[in-house]
């Protein structure tokens, strides 16, 4: 099945969260007209958002966690750990959107394709320029080591900056319109 992040009304008014009407995301459609040459996966992702008000995020969980420095961000694990529903509130949506937007901007010099290697290059460059660089670099090295699979291989994802832009825009839209995200898995 996978993990879907479903836009829902915030706060809930009853026992369940009410999904947001897909019409709130209809402008996500037509990405290929707005960005000529947009990669096919980004176009398909945007079209699904436009049709359903839902973002399929299974493939993005590792990169988003790494970019934002936490685990289970798109699963809303902080809320679930507190015996709450797995929901990301509008402020959380703004935080996720901002982090992904900053990453996309910093990745510009590395090109359109976002790989595990280019992601770590961006993060190392940002950390090296910041405060407590040694401590943060040790954290990053430890986090990268944790991401190895049972054979010792690191992840080998490949996304486009445009795909990540769709992800960021979905969370930004939810934040700006006061929607939350329900993690449906």
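Key figures for this structure:
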{"read-out": "Helices (runs of 4 or more DSSP H) wholly inside segment 89-185 containing at least 2 residues that are modelled with pLDDT of 95 or more and closer than 26 Å to residue 29 by Cβ", "value": "90-107, 161-176"}
{"read-out": "Pair list, Cβ under 6 Å, 6 or more apart: segment 12-40 residue exposed (fewer than 14 other Cβ atoms within 10 Å of the Cβ), other residue at pLDDT 95 or above", "value": "18/9; 26/50"}
{"read-out": "Residues of segment 91-129 that turn out to be over 14 Å from the mean Cα position of the chain (by Cα), within 23 Å of residue 172 (Cα to Cα) and surrounded by 17 or more Cβ atoms within 10 Å (Cβ to Cβ), as a count", "value": "3"}
{"read-out": "Conditions (1) modelled with pLDDT of 95 or more; (2) under 17 Å from the mean Cα position of the chain (by Cα); (3) surrounded by 13 or more Cβ atoms within 10 Å (Cβ to Cβ): number failed by residue 86", "value": "(1)"}
{"read-out": "Verdict on residue 50 being in a helix (DSSP H, G or I) and closer than 21 Å to residue 101 by Cβ", "value": "yes"}
{"read-out": "One residue from 132, 144, 154 being surrounded by fewer than 18 Cβ atoms within 10 Å (Cβ to Cβ) and out of contact with any helix residue (DSSP H, G or I) (no Cβ under 9 Å at 6 or more places or on another chain)", "value": "132"}
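The values are calculated or read from the model by the stated rules, or taken from the named source; none is laboratory data. Everything numeric in this text was worked out from a predicted model, so none of it was measured. Every residue, glycine among them, receives a Cβ derived from its backbone with ideal geometry; neighbour counts consider all protein chains shown.
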